[in-house]
Amino acid sequence: MKENFSPFNMLLTQEITNLERFIIKSPLGTNEFWSEWQKKAGEIIVTKAAVKKALKLSKETLPEEEKLKLTTMLESYREIANYLELLRQTALKIKGIEGPNWDIFDGIEGESEGEDDISF
């Protein structure tokens, strides 16, 4: 039987496939885990910086649809950063370390001064 996928289902499947790369598969607390975690956290930080810069540089000329896509992308990355932080906290607790929460997404840029408030 041939299934017809709606455009929404196709988009959702594509988004899931794109974001699956952020799933950490190594056992919590191992050297492999921390290596994988660092790589994925770094990707989040670099992507956020790139999207913010692109939005800032082209906010006058970028079509509204593209602005919406980029801001939605930032929100997805914020959720992934929350996932990565949860894993970090859990891995530390396994080792008996009670670490402070670290906001991977917003806690990087030197106590941001409203620069995350991207307005158009």
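Which one is nearest to T17 (Cα to Cα), of the residues in the range 77-101 that are β-branched (V, I, T) and touching a residue at least 60 places away in the same chain (Cβ under 8 Å)? My answer is I80. Each residue in the range 22-62 was checked for being among the β-branched types (V, I, T) and in contact (Cβ under 8 Å) with a residue 12 or more places away in the chain, and 5 of them qualify. For the range 1-104, the helices (runs of 4 or more DSSP H) that sit wholly inside it and include 3 or more residues that are of a type in the set (K, R) and within 19 Å of the chain's Cα centre (by Cα) are 31-58, 64-94.
Check whether at least one residue in the range 78-92 is surrounded by 11 or more Cβ atoms within 10 Å (Cβ to Cβ), at pLDDT below 85 and small (G, A, S), and report yes or no. No, the range 78-92 contains no residue that is surrounded by 11 or more Cβ atoms within 10 Å (Cβ to Cβ), at pLDDT below 85 and small (G, A, S). Evaluated against (1) buried (at least 16 other Cβ atoms within 10 Å of the Cβ); (2) closer than 20 Å to N101 by Cβ, V51 falls short on exactly one condition, (2).
The values are calculated or read from the model by the stated rules, or taken from the named source; none is laboratory data. Here the structure is a predicted model, which is why all the values come from computation and not from measurement. Note that we place each Cβ from the backbone using ideal geometry, even for glycine, and neighbour counts take in every protein chain shown.
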